[in-house]
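Chemist: Right, I'll just put the structure down here and ask away after.
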Amino acid sequence: MNHPDRPAGRALSEAEAEAEGARLIAEWYSHNAPVATFYKDVSPAPAVGTAPPETQPGRAPMSQGATDASVLMLAGAGSVSMVSVSAGILMYLSQYADPVVCGIVLGAPTVVVLALCRLVRRAKEVVQAAPPVIHQHYEGTVIQDNTEITTHTRGVIARTDNRFDR
């Protein structure tokens, strides 16, 4: 490193390097040299940065799929509890209502909804598993070669025979 009084690009001689090293060591060990004990950054903190997000009150942070599933479960629990409470009130008020009949009448819509949900889920899986349709358009002469290769491998030291059938 060059001294501020020395022009850039000029290397120190051996004697100058020793003198500069002794000066730096003496400055380091002197008692009147200022020593930094702390540093306070007074610049304002940025509004947006790389710090991790702070947890907010309310629902815990979740992925979009987990949030959708949570809302679906809450809605299903609410609808099932409404059906159950209304069935209980109906049986209590009528005093002679048959619990089996009430269960069938009030449970049938739930069974139908569950069956439709499964059907939609299966249909979505089938659509996702289907191979994509590829349309290829050619101009000119097209030659289609259907070559079959039959391979037989035998022996401890493997010997492979390939037959090309056209």
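Chemist: Could you please give the count of residues in segment 1-23 that are loosely packed, with under 10 Cβ neighbours inside 10 Å and modelled with pLDDT of 75 or more? It would help to see each step written out before you state the result.
Modeler: Just the residues of segment 1-23 that are loosely packed, with under 10 Cβ neighbours inside 10 Å, to begin with: 1, 4-5, 7-9, 11, 13-15.
When the remaining residues are screened for being modelled with pLDDT of 75 or more, the result is 11, 13-15.
Summing the residues that are loosely packed, with under 10 Cβ neighbours inside 10 Å and modelled with pLDDT of 75 or more in segment 1-23 gives 4.
Chemist: Here is a further query. Would you pick out the residues in segment 100-140 that are open to solvent by less than 80 Å² (accessible area, probe 1.4 Å) and at pLDDT 85 or above?
Modeler: Ala115, Cys117, Ala123, Gly140
Chemist: Just to be sure, is Ala87 in a helix (DSSP H, G or I), modelled with pLDDT of 85 or more, open to solvent by less than 100 Å² (accessible area, probe 1.4 Å) and not acidic (Asp, Glu)? Before the answer, list the steps.
Modeler: Working: in a helix (DSSP H, G or I): yes; modelled with pLDDT of 85 or more: no; open to solvent by less than 100 Å² (accessible area, probe 1.4 Å): yes; not acidic (Asp, Glu): yes.
In short, no.
Chemist: Take the residues in segment 152-166 that are in contact (Cβ under 8 Å) with a residue 12 or more places away in the chain and touching a strand residue (DSSP E or B) at 6+ places or on another chain (Cβ under 7 Å); name whichever of them is least open to solvent (accessible area, probe 1.4 Å).
Modeler: In the first step, residues of segment 152-166 are kept if they are in contact (Cβ under 8 Å) with a residue 12 or more places away in the chain; the result is 162-166.
Those left that are additionally touching a strand residue (DSSP E or B) at 6+ places or on another chain (Cβ under 7 Å): 162-165.
On the way: Asn162: 88, Arg163: 127, Phe164: 133, Asp165: 58 Å².
So, considering only residues that are in contact (Cβ under 8 Å) with a residue 12 or more places away in the chain and touching a strand residue (DSSP E or B) at 6+ places or on another chain (Cβ under 7 Å), the one least open to solvent (accessible area, probe 1.4 Å) is Asp165.
The values are calculated or read from the model by the stated rules, or taken from the named source; none is laboratory data. Keep in mind that this is a model prediction, so the values were computed, not measured. Counting neighbours? That spans all protein chains shown, and the Cβs are built from the backbone with ideal geometry, glycine included. Areas reflect the complete protein model, heavy atoms only, side chains present, ligands, DNA and RNA absent. Shrake-Rupley method; radii C 1.70, N 1.55, O 1.52, S 1.80 Å.
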